[in-house]
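*Asks:* Handing you a structure now.
Computed from the coordinates by the stated procedures, all read-outs in this text should not be read as laboratory data. Nothing here was measured: the structure is a model prediction, and the numbers come from that model. As a convention, Cβ positions derive from the backbone with ideal geometry for all residues, glycine included, and neighbour counts pool all protein chains shown.
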Amino acid sequence: MKTICGWCGRAMAETAEVGPDPEAVTHGICAECAAFFENNRGVGIREFIGQLGAPVLILDKDIRVEAMNLAAGAYVDLRLPEIEGLLVGDVMECAHARLPGGCGNAGVCVMGCALRRIVMETFATGKSAEGVEARQEIMTGQGLREMRFWFSTALADGRVLLRIDRAEVVEGG
Ligand SMILES: [Zn+2]
């Protein structure tokens, strides 16, 4: 069993214990990344996410996207300068963001948006979320698709860093 830092990808620990899947990898936070989240010293958060291989977006308290790194571009159709200040649902092409009131205001957003919930929780508690599953209806090039995402968060410098761990289309969704 291997543990790597979900943010920077650094290997943290390897245990001899053989689980059902010996190649299994779990995510954690390494000491360096944890120190960055705690003190926000040294590099700025844009510079920090720029160094990461994992796709990461920087969100403010209104859940507007302040920036994202290159890896996040693989999940987003818009180019880097276009996303600044957009609500996260607009950047992710969430179908609910097209409802009246926009991202976060439809009843379904308030009641059921896991993405919104983990970001708000991280702002409120300062605690990181790790690999939280969220289903989102996404407008893709092939039309509306139900997508399953796994997101992680960390609070840094008054912003929430949102990491996209994995995304897949829900078959028949
Ligand atoms: Zn790390």
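*Asks:* Set Lys and Arg Cβ to +1 and Asp and Glu Cβ to -1, take the dipole of segment 1-144 about its Cα centre, and tell me which of G28, F48, V110 lies farthest positive.
*Replies:* Highest projection toward the positive end goes to V110.
*Asks:* Show the residues, 5+ positions off or on another chain, whose built amide H is closer than 5 Å to the amide H of N69.
*Replies:* Here the answer is V56, since their amide H atoms fall under 5 Å of that of N69.
*Asks:* For a quick check: with amide H placed at 1.01 Å from N, whose amide H comes under 5 Å from L78's, ignoring anything fewer than 5 positions away on the same chain?
*Replies:* none
*Asks:* Roughly how many Å is it from the Cα centre of segment 57-104 to that of segment 123-141, as a whole number?
*Replies:* Here the answer is 13 Å between Cα centres.
*Asks:* How large is the convex hull of the Cα atoms of the chain per residue, expressed in Å³ as a whole number?
*Replies:* Output value, Cα hull per residue: 129 Å³.
*Asks:* Another one. Per residue of segment 82-97, what does 6.51 cos²θ - 1.76 cosθ + 1.60 with θ = phi - 60° give for ³J(HN,Hα)? Whole Hz please, x for Gly and Pro, Karplus curve as stated.
*Replies:* Here the 3J(HN,Hα) series is 6, 8, 4, x, 6, 5, 4, x, 6, 5, 7, 6, 5, 4, 5, 5 Hz.
*Asks:* Where does helix 114-125 land angle-wise versus the long Cα axis of the chain, in degrees 0 to 90, nearest 10?
*Replies:* 60
*Asks:* While we're looking at this one, here's another question. Each residue of segment 143-148 in turn: what ³J(HN,Hα) in whole Hz from Karplus with 6.51, -1.76, 1.60 and θ = phi - 60°, glycine and Pro shown as x?
*Replies:* x, 6, 10, 7, 10, 10
*Asks:* Among 88-98, 56-66, 3-13, what's the highest-first ranking by average C-beta atoms within 10 angstrom per residue?
*Replies:* On the way: 88-98: 21.5, 56-66: 19.0, 3-13: 16.8.
Result, highest mean first: 88-98, 56-66, 3-13.
*Asks:* Just want the answer: with Cβ charges of +1 for Lys and Arg and -1 for Asp and Glu, which residue in G101, V91, I58 is farthest toward the dipole's positive end in the chain?
*Replies:* Checking the options against the dipole of the chain, the answer is G101.
*Asks:* Using label points projected 7 Å from each Cα along Cα→Cβ, tell me how many nm separate E146 and E82, to one decimal.
*Replies:* 2.9
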